[in-house]
1. So how many residues does segment 94-104 have that are crowded, with 16+ Cβ neighbours inside 10 Å and either assigned by TED's automatic domain parsing to the domain that holds ARG143 or modelled with pLDDT under 85 (or both)?
2. So, in segment 41-81, of the ones that are exposed (fewer than 11 other Cβ atoms within 10 Å of the Cβ) and of a type in the set (S, T, N, Q), which residue ends up nearest to the chain's Cα centre (by Cα)?
3. So which pairs qualify, if the first residue must be in segment 36-47 and under 15 Å from GLU73 (Cβ atoms), the second must be modelled with pLDDT under 90 and of a type in the set (A, V, I, L, M, F, W, C), the Cβ gap must be under 6 Å, and the two must be at least 6 apart or on different chains?
4. If you go through segment 96-113 one residue at a time, do you hit one that is touching a residue at least 24 places away in the same chain (Cβ under 8 Å), within 30 Å of VAL161 (Cβ to Cβ) and in contact with a Pro (Cβ under 7 Å, 6 or more places away or on another chain)?
5. Looking at (1) within 25 Å of ASN50 (Cβ to Cβ); (2) without any contact (Cβ under 8 Å) to a residue 24 or more places away in the chain; (3) surrounded by 13 or more Cβ atoms within 10 Å (Cβ to Cβ), can you tell me which one ASN126 breaks?
6. With the requirement that a residue be out of contact with any helix residue (DSSP H, G or I) (no Cβ under 7 Å at 6 or more places or on another chain) and assigned to a loop (DSSP other than H, G, I, E, B), what does segment 77-101 give you?
7. Of all residues being at pLDDT 60 or above and small (Gly, Ala, Ser) in segment 149-180, which is surrounded by the fewest Cβ atoms within 10 Å (Cβ to Cβ)? Just the residue, please.
Amino acid sequence: MSRRSPTLLKNLANSRTQTRSVTYMPRPGDGAPRAVTLIPGDGIGPLVTNAVEQVMEAMHAPIYFEKYDVQGEMSRVPAEVMESIRKNKVCLKGGLKTPVGGGVSSLNVQLRKELDLFASLVNCFNLPGLPTRHENVDIVVIRENTEGEYAGLEHEVVPGVVESLKVSLVIKSFDFEFEI
């Protein structure tokens with residue numbers, strides 16, 4: 001792999017540039033740094049969010065973090081954290097521990113529901129110059145992420161067999177814009 005990496009990187013660098021629409025956070029009108037709510041989370045969350053902080057600092061990104069200690073064992077996300085997220089409109093969150101069994105909703109799902117973040121959109125596409133098993137891939141996967149197994153509502157059909165509803169939707173991406 002290490003012998004192939006420079007070649008792959010060179011191919012990617014030399015390949016034609018692919019134009020894609022990008023959504024980014026506009027800077028405030030006065031050019032002041034933008035506040036971002038930061039929830040490091042549990043497990044590897046603090047390591048991941050710390051790496052992002054380092055990257056933002058190295059890039060001299062015009063942001064600063066309002067850091068809050070939220071742990072997965074908490075019963076609710078503190079009100080001041082929710083106020084910060086709503087005020088800043090941007091939040092970097094590491095993983096939060098999810099309770100297992102008992103129909104308990106995790107803080108991750110509580111955040112999604114309270115902030116009306118019901119769908120996860122992932123755009124999957126081929127990168128020019130990077131050979132893959134399938135060519136001309138350009139799809140958007142939309143996954144609902146507040147119901148089904150996330151809701152903690154399950155039905156035990158027979159002892160030891162549990163079912164929950166999960167919906168996934170895949171839309172082929174064409175040369176048109178759509179708004180969700």
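The values are calculated or read from the model by the stated rules, or taken from the named source; none is laboratory data. As the structure is a computational prediction, the values presented were derived from the model and not from experiment. No Cβ is skipped: glycine too gets one built from the backbone with ideal geometry, and neighbour counts run over all protein chains shown.
1. First pass over segment 94-104, keeping only residues crowded, with 16+ Cβ neighbours inside 10 Å: 94-97.
Among the residues that remain, those that are also either assigned by TED's automatic domain parsing to the domain that holds ARG143 or modelled with pLDDT under 85 (or both) are: none.
Selection size over segment 94-104: 0.
2. Among them, the one singled out is GLN54.
3. Within 6 Å, the pairs are GLY41/LEU96; ASP42/LEU96.
4. yes
5. (1)
6. Residues of segment 77-101 out of contact with any helix residue (DSSP H, G or I) (no Cβ under 7 Å at 6 or more places or on another chain): 78-81, 83-90, 93, 97, 99-101.
Answer for segment 77-101, where residues must be out of contact with any helix residue (DSSP H, G or I) (no Cβ under 7 Å at 6 or more places or on another chain) and assigned to a loop (DSSP other than H, G, I, E, B): PRO78, LYS89, VAL90, LYS97, PRO99, VAL100, GLY101.
7. GLY160
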